[in-house]
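Below: the structure, in structure tokens.
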Amino acid sequence: MVGLYAGRIRQYRKVLILEKYVINGATTLHGEVEISGAKNAAVAIIPAALMVDGVCCIENIPQISDTDMLLTILKELGAKIRYINKSTIEIDARNATYKDAPYDLMRKIRASYYLIGAMLGRFGSAKTTMPGGCNFGVRPIDQHIKGMTALGADVDVKNGFVYADARDGRLHGARIYLDKVSVGATMNIIIAAALAQGRTIIENAAREPHIVDLANFLNSMGADIRGAGTDTVKINGVDKLHGGSYAIIPDQIEAGTYMVAAAATGGEVLLKNVIPRHLECISAKLRETGTIVQENEDSVLVKGASTLRRVNVKTLPYPGFPTDMQPPMGTLLCLANGTSVITEGVYDNRFKYMNELRKMGAEVQVDGRVAVIEGGRRLTGALVQACDLRAGAAMVIAGMCAVGTTIVEDIHYIERGYEDFVGKLNALGADIKIVDFPDNDDSEKIISVV
Ligand code: UD1
């Protein structure tokens, strides 16, 4: 094993073994799939549990490597973690202490930035690494730092670490205007301000469903947070948070990924355990392509069209079309008739995966934040890389639609955010195997030529 969480990479008799997905394509998805708890809510709620003076029972935690790593970090800080079942966990952080956390783990995940807010709230001091995670170009944390500084912390970034100290031991409420609509900064400030003295107002806040979920979690533990889900969030700091139980919302992006997979393969899939309102931005776009989307109380039925129509997509903060759905949608549009234009409205560099789709026969031009896709091409199996979490999911969708065999490398990215992706897709009729390849082996040998 190369490091605890190298994920899907291990060593056998001095040979590095890499696990890859081998996908036999031209499959159609049919059946039902249960959607797991929201990754982006869980990765904030787990660090926030550090501030609770009692036992938190959290249900619907997705089993993915990002949540595993955060739970390990909390354990290292002295929290007790008890599994009630595979998705329900009790966290008791009453005996947690301020000490060096496992920085090698922090460096691997974006959401480790929530430990800045949680440790400041709990201990008055925080030391974390600069966050890791997917590389979509420069991903600064200046708005997080602006928020913590406004709350009365001295924040210093040096040698790849973030050092933060509350000037007088405890944070103080403040009015903070975010220069960018940032999910992470909004949630981090909410966490830190929950135990600050006095009132905090965040203006130009992000409005994603997981922000509301974090606020609901903290409120159920005794916090006083109002307005989450709007662009102005008001937090009246409290002295203490108490234990309680909370169930995390279903994952909007996991659900969206299965919706696109059903549409792209021309299948029919019922997604269970979803909040259809959170999926509206995705459902509306899919309907434009000719896909049928039927919403029920807590499920959504997706029926693929015999011919997909072209659409234009622009990603925006919620309630706009989510940037995390851009790569799966990009794959679908390679199959749609006509020319589609995708404009990436959140990140500078989120089209790397288009190079991988080109290997499969896609016709795409990328210019900065705009991709022009000449659709209606037949995709053919190839050796491709999961460039990041959602780009990896896009490659898997492409592989299921392609003629022949596709091999997806760097699958540890995918397993950061999708619970049992292969198991769930195979249960719907996909043909995906996780196969060991010795490093430097010529994986392409097993790709059939079509
Ligand atoms: C979170 C999600 C990620 C999703 C993104 C947008 C987690 C762990 N990750 O990422 O899956 O793609 O929201 O929905 O929840 N920015 C700054 N300064 C900052 C913070 C952000 O300039 O201090 C910029 C970013 O570079 C980006 C934009 O603001 O261009 C939005 O980023 P943000 O919403 O903060 O994304 P993350 O919290 O990193």
**Request:** May I ask you to derive the relative contact order of the chain, considering only C-alpha pairs under 8 Å and at least 6 residues apart, and to give it as an integer percent?
**Result:** 20
**Message:** Based on alpha-carbon centroids, what's the gap between region 187-222 and region 99-133 in Å, whole number please?
**Reply:** 18
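From the square roots a ≥ b ≥ c of the eigenvalues of the alpha-carbon gyration tensor of region 60-136, which class results: rounded (a/c under 1.5), prolate (a/b over b/c), or oblate?
Oblate, because a/c is 1.5 or more while a/b does not exceed b/c.
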**Request:** Mind checking which of ILE432, ALA255, GLY78 is farthest towards the positive end of the chain's charge dipole, using Cβ charges of +1 (Lys, Arg) and -1 (Asp, Glu) about the Cα centre?
**Result:** GLY78
**Message:** Springs between alpha-carbon pairs under 10 angstrom, Gaussian network model over the chain: which of GLY160, GLY25, GLY244 fluctuates most?
**Reply:** GLY160
**Message:** Normalised by the empirical 2.2 N^0.38 Å for globular proteins, what value does the Cα Rg of region 304-438 take?
**Reply:** 1.01
**Label point at ARG358 placed 7 Å out along Cα→Cβ; residues across region 366-395 whose backbone nitrogen lies under 11 Å** = 366-367
**Relative contact order (%) - criterion: Cα under 8 Å, at least six apart; region: region 162-299** = 18
**Prompt:** To two decimal places, what compactness ratio does the chain give when its Cα radius of gyration is scaled by 2.2 N^0.38 Å?
**Reply:** 0.97
**Message:** Using a 7 Å offset from the Cα along the Cα-to-Cβ direction at both VAL370 and THR343, what is the distance between the two label points in nm, to one decimal?
**Reply:** 0.8
**Asked** How big is the C-alpha Rg of region 398-441 next to the rule-of-thumb value 2.2 N^0.38 Å, as a ratio?
**Response** 1.23
**Prompt:** Once fully extended, how much extra length lies between ALA284 and HIS30, figured as 0.36 nm per residue of separation less the alpha-carbon to alpha-carbon distance?
**Reply:** 89.3 nm
**Asked** Using the Cα gyration tensor of region 96-246, with a ≥ b ≥ c the square roots of its eigenvalues, what is the shape: rounded (a/c below 1.5), prolate (a/b larger than b/c) or oblate (neither)?
**Response** rounded
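Work out, in µm²/s and without decimals, the Stokes-Einstein translational diffusion coefficient of region 257-332 at 10 °C, 1.306 mPa s, Rh from Kirkwood over C-alpha pairs.
129
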**Fill in**
Contour minus Cα-Cα span, ASP436 to ASP100, at 0.36 nm per residue, comes to 117.4 nm
**Request:** Step through the table entries LYS86/LYS272; LYS108/LYS352; LYS272/LYS359; LYS108/LYS158; LYS158/LYS180, compare each Cα-Cα distance with 27 Å, and write down the pairs that go over it.
**Result:** LYS272/LYS359
**region 280-407: relative contact order as a whole-number percent, Cα under 8 Å and 6+ apart** = 21
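Given Cβ point charges of +1 (Lys, Arg) and -1 (Asp, Glu) and nothing else, what value in debye, to the nearest 20, does the dipole of the chain about its Cα centre take?
Approximately 420 debye in magnitude.
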**Item:** Overall dimensions of region 297-355 by Cα: Rg and Dmax, Å
**Value:** 12.8, 39
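For region 225-364, which semi-axes, largest first and in whole Å, follow from the square roots of 5 times the eigenvalues of its Cα gyration tensor?
32, 19, 13
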**P(r) of region 131-214 over all Cα-Cα pairs, binned every 10 Å from zero, in whole percent** = 17, 49, 30, 4
**Prompt:** What does the accessible area per residue of the chain come to in Å², with a 1.4 Å probe and no ligands, DNA or RNA counted?
**Reply:** 38
**Message:** Return the equivalent ellipsoid semi-axes of region 343-420 as a descending list in whole Å, where each equals the square root of 5 times an eigenvalue of the C-alpha gyration tensor.
**Reply:** 19, 18, 9
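In nm, what is the difference between 0.36 nm times the number of residues separating ASN159 and LYS303 and their Cα-Cα distance?
The ASN159-LYS303 span can extend by a further 46.7 nm.
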**Complete:** dims of region 159-303, Cα set, principal axes, largest to smallest, nearest Å -> 60, 35, 30
**Asked** P(r) of region 177-247 in 5 Å steps, Cα pairs, percent per bin?
**Response** 3, 20, 32, 25, 14, 5, 1
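The values are calculated or read from the model by the stated rules, or taken from the named source; none is laboratory data. Keep in mind that what you see is a predicted model, and the values were worked out from it rather than measured. Heads up, the Cβs are rebuilt from the backbone with ideal geometry, glycines too, and the neighbour counts pull from every protein chain shown. Only protein heavy atoms, including side chains, enter the accessible area calculation; ligands, DNA and RNA are left aside. Shrake-Rupley method; radii C 1.70, N 1.55, O 1.52, S 1.80 Å.
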